[in-house]
Amino acid sequence: MSGWRVGYRGRGHRAPRPGAPALRLDGLSVRYPGVTGPALQGVDLVVPRGAVAVLVGHNGSGKSTLLRAVAGLIRPAAGSIRVFGNPVGACHHRVAYLPQRSEVDWRFPVDVRGLVLSGRLAHLGWLRRPGPVDHALAEAAIERLGLAALAREPVARLSGGQRQRALLARALCQEADLLLLDEPLTAMDPEARDLTDGLVGDLVAAGRSVVMATHDLDRVPPEPGPVLRLAAGRPVREPAWAG
Amino acid sequence: MGWLTEPLTWPFIRKGLLAAVLVGVACAAVGCHVVLRRMSLVGDALAHTALPGLVVAALWGWSLFAGALVAGVVTALIIGWLTRREALREDAGIGVAFTGMFALGILLLAETRSQRDLTHILFGNVLGVGAADLWLVGGLTLLVIVALAAFHKELAVSAFDPGHARVAGLRVDAVRQGLLILIALVVVGAIKVVGVVLTSALLVTPAAAASLVTTSVARMMVLAAAIAAVAGVAGLYASYHLGVSSGAAVVLACTAIFGATWAGRAGREGALRRRRDRPV
């Protein structure tokens, strides 16, 4: 990925700070406009590089809000977010976000390969088209998620589980160092869930970091790193992971 | 072959054909993004809001193109500003800007005395394009095609997954604003060919026809441009030979191609369904 590049926000390709964790939240609070009470308040979290952090909580507990804030989609009301030691937005290409309910227009004329290839967007920046390296990464991600037979299918024809896999393939194609996965197993069949569990394991083995939100305690990875339990936007202090 | 070559002996027909094809290609290419983003109302709105610009230009003796261009770009900026960060739904923002500007145009229109100019504004006058108009239309078309090619991935990704585009650092609102300005530019050309009333047809109909037969944005744009070019030529020939309004003939040619595409697709799907349902 060498050569000329104009990132989308100029400062979007900063190098990680030496020794900084993948993610550090200090006293993070988030408010939605027009809503009384914070959506998140006083959240601290450190996710070391190469670890899987798990956010546990019921629907509405603030898991998605936390991930959206880290992805740069909402500005915090207070506190700080550091991604590899940098402020949010300073390294867009290092962060991949898989939302629980994506804003994807599934009727848009794009095939699975095109969708996965769009994971390279932050790396390409303005005016650059995907090259052989980007295409090879997209093919590998499609293969890894078991979508090779569907690569040329329009996304409109995918089932719910296949769509989720395609979005996961896009996150993989991005080669992000920090993956934010919001309920990634929703709508997946058991086979796809196993595939995803294996994928998360491989990513961590390769030194990547993952923050995964789940309301299902049974779906927590076998060796989780930090676990943050949220209730009504606040961290629950008692030991959340007693086995 | 006389019917084919005879009109070409007239310089105004040759210029009109070139203008119709250039405008059609630009409108159809931008129109694909309009259709894919379900912004079909915007073309109609931007054409109507050009009215005050056109009237002011006619009153003060300026170029009509320049008047329409300024009014169109101003409206595009107003719509973009009103609807940024989804502060107001896009259709509501368009409704507010569109009716306000059109009403202003109607008030100003009372100041003009020329019925001829009004007819040309409302229904187009492609056979009246001069050499300067052609250069302007050519320049607009080139600018639009270069912009669409240069920002293809940004336009596509911010349309089909704005959330992903934002996470990648792309300013989705700015891309949409840029698209609105491109639409304003092509609308100005389209007003010359088909007039204020029918402009949205050049934006929407070829793109809608192309969307029926392809599942790739790039192919859709090429196909829509080809449809608009064919409709432009067919419409002007029909206008010449039948003595009917050129703008309406071009739009009806677009509609006919859409109808044929729709029928072709429905026929193909019906045949596939029958084959599938046939007892083995």
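Laboratory data are not the source of any read-out in this text; all were calculated from the coordinates shown. Every value quoted in this text rests on a predicted model; they were computed, and no experiment measured them. Cβ placement follows ideal geometry from the backbone for every residue including glycine, while neighbour counts extend to all protein chains displayed.
Residue ranges B:42-54, A:153-165, B:215-227, B:246-258 sort as B:42-54, B:246-258, B:215-227, A:153-165 when ordered by packing (mean number of other C-beta atoms within 10 Å per residue, highest first).
For the peptide A:87-96, the mean number of other protein chain Cβ atoms found within 10 angstrom of a residue's Cβ is 2.
Annotation for segment B:1-70 versus segment A:94-136: alpha-carbon center distance of 35 Å. The mean count of C-beta atoms from other chains within 10 Å of the C-beta of residues in A:102-113, rounded to a whole number, is 5.
Taking a span of 18 Å or more along the helix axis (Cα atoms) and a mean Kyte-Doolittle hydropathy of at least -0.5 as the rule, the DSSP H helices of chain B that qualify are B:11-36, B:40-60, B:64-82, B:90-109, B:131-150, B:172-211, B:217-242, B:246-277.
About its Cα centre, the dipole of the protein assembly as shown is roughly 340 debye, where the only charges are +1 on Lys and Arg Cβ and -1 on Asp and Glu Cβ.
Each principal axis of the Cα atoms in segment A:131-197 has its own extent, and those three values, largest first, are 33, 29, 18 angstrom. Rg and Dmax of the protein assembly as shown, both derived from C-alpha coordinates alone, stand at 27.0, 91 Å. Evaluated over the Cα positions of chain A, the convex hull gives a direction-averaged projected area, one quarter of its surface, of 13.6 nm².
For segment A:23-235, the residue among A:Y97, A:L121, A:P33 whose Cα projects farthest onto the positive side of the dipole built from Cβ charges is A:P33. Taking the inverse of the mean reciprocal distance over all distinct Cα pairs, the Kirkwood hydrodynamic radius of segment B:2-277 comes to 19.2 Å.
Electrostatic bookkeeping for A:P99 treats Lys and Arg as +1 and Asp and Glu as -1; over the other residues with beta carbon under 10 Å from its beta carbon, the sum is -2. For helix A:132-144, what angle does its Cα long axis make with the longest principal axis of chain A, in degrees from 0 to 90 and rounded to 10? Between helix and principal axis, roughly 70 degrees. Normalising the average separation of contacting C-alpha pairs (under 8 angstrom, six or more residues apart) by the number of residues puts the relative contact order of chain B at 31 percent. Of the residues A:A22, A:H135, A:A151, the one whose Cα sits farthest toward the positive end of the charge dipole of the protein assembly as shown, with +1 on the Cβ of Lys and Arg and -1 on the Cβ of Asp and Glu, is A:A22.
So if I place +1 on the C-beta of Lys and Arg and -1 on the C-beta of Asp and Glu, and nothing else carries charge, what would the dipole magnitude of segment A:8-103 be about its Cα centre? I want it in debye, nearest 20.
The calculated dipole for segment A:8-103 is roughly 300 debye.
Within the straight-line cut-off of under 24 Å between alpha carbons, none of the lysines are reachable from B:K153, sequence neighbours fewer than 8 places apart in one chain being disregarded.
Normalised Debye scattering of segment B:1-133 at q = 0.09, 0.16, 0.22 Å⁻¹ gives log10 I(q)/I(0) of -0.34, -0.92, -1.31, counting only Cα atoms as equal scatterers and leaving out solvent. Among the residues of B:152-163, the average count of other protein chain beta-carbon atoms within 10 Å of the residue beta-carbon is 6.
Evaluate the relative contact order of segment A:23-235 (contact order divided by residue number), counting alpha-carbon pairs under 8 angstrom at least 6 apart; express in whole percent. About 35 percent, as a whole number. Within the shell defined by Cβ-Cβ distances under 10 Å, the residues around A:P130 carry a net charge of +3, with Lys and Arg each +1 and Asp and Glu each -1.
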